[in-house]
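The next block holds one structure in the form of structure tokens; read it before the comments.
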Amino acid sequence: MFRAFKPLIMLTLLSSVFLLGGCSQIAVLDPKGPVASQQRDLILLSIGFMLFIVAVVFVLFTVMIVKYRERKDRKSPYSPEVEGNTFLEIVWTVVPILIVIALSVPTVQTIYSLEEAPKASKDKEPLVVYATSVDWKWVFSYPEQDIETVNYLNIPTDRPILFKISSADSMASLWIPQLGGQKYAMSGMEMEQYLQADHEGTYKGRNANFTGEGFAEQKFNVNAVSESKFNDWVKKTQKEAPKLTKTQYDELMLPQHADEMTFSSTHLKYVNHGNDAEYAIKARERLGYKPLSPHSKSDPFENVKTNKDQKQSEDQDSH
């Protein structure tokens, strides 16, 4: 008898672990904006619907093995030539179709709604941010403010953020779990994504697509602040931060980690990676960098330094 109820008991135990095991600590279930809230609701709807289906299946399974099991006083007839039950065949064909429709409709509606700015702030002008992935760092450009940051992002609350996402080299994925789902970044292509923060705070972002040895540390902080604080930061940065030179940006193309940086100009005057898939390769060639292996975490400056030393030595010999 215990064997009959063992699957149901295991399901109950697993559900208890899921519900009581700290789900509030899962970032995607703790949204801080309308986009993430929609996706959280869709996730919970799908999980709840599927758990209901699993419960129904296990209940029917239990009823069948208890009610129709073979007993000593009742032998089940053996009828190998019996034909199928038309009603049951219709039921187990129609029910899965209805289940797929029930899950597909809200999913498709949510996907299409997320392609536009959140309805709650559709009357506000989106803040445009170019998000560029480079092995292994994130570069964020504010074209309207003429500001560029590396490995951190400042955004105003209650205002949609339109990300224009691309990559300088490897295919990556921009993901800020508490603000919304991930979107892929590819060189020579530009993807768009709307996100928004409704609460002030610092949220974690990262590359969610494996791009080699150093991708685990390709993380960044998103600082959501009030509109007034954001404007103060913009004014201060425009006044105090240094300009981004082409040489500095070329060095950012080297496959290595970088600290947080702030500039009062953007790389968009040099290149738009959504249209140029080879800029990073050419920049590394200009710096004399030769990769030891694809996606290697080796120190790129060691190669650059060696090549520079060799060039200086050759120049001295020629004199």
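The values are calculated or read from the model by the stated rules, or taken from the named source; none is laboratory data. Just so you know, these numbers come straight off a predicted model, no measurement behind them. All Cβ positions, even for glycine, are placed from backbone atoms using ideal geometry, and neighbour counts span all protein chains on display. Side chains are part of the model used for accessible areas, which takes the heavy atoms of the whole protein and leaves out ligands, DNA and RNA. Shrake-Rupley method; radii C 1.70, N 1.55, O 1.52, S 1.80 Å.
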Whether any residue in the stretch 76-83 is of a type in the set (A, V, I, L, M) and either farther than 30 Å from ALA208 by Cα or loosely packed, with under 10 Cβ neighbours inside 10 Å (or both) is what I want to check.
yes
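In the stretch 133-142, is there at least one residue being modelled with pLDDT of 95 or more and open to solvent by 10 Å² or more (accessible area, probe 1.4 Å)?
Taking every residue of the stretch 133-142 in turn, none turns out to be modelled with pLDDT of 95 or more and open to solvent by 10 Å² or more (accessible area, probe 1.4 Å).
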If you take the residues of the stretch 53-73 that are open to solvent by 100 Å² or more (accessible area, probe 1.4 Å) and over 30 Å from LEU103 (Cα atoms), which of them is modelled with the highest pLDDT?
LYS67
Which one of these is modelled with pLDDT under 95 and surrounded by fewer than 19 Cβ atoms within 10 Å (Cβ to Cβ): GLU200, GLU227, GLU190, GLU213?
GLU213
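From the list ALA102, ALA120, pick out the single residue that is open to solvent by 50 Å² or more (accessible area, probe 1.4 Å), more than 26 Å from ALA283 (Cβ to Cβ) and in contact with a helix residue (DSSP H, G or I) (Cβ under 8 Å, 6 or more places away or on another chain).
ALA120
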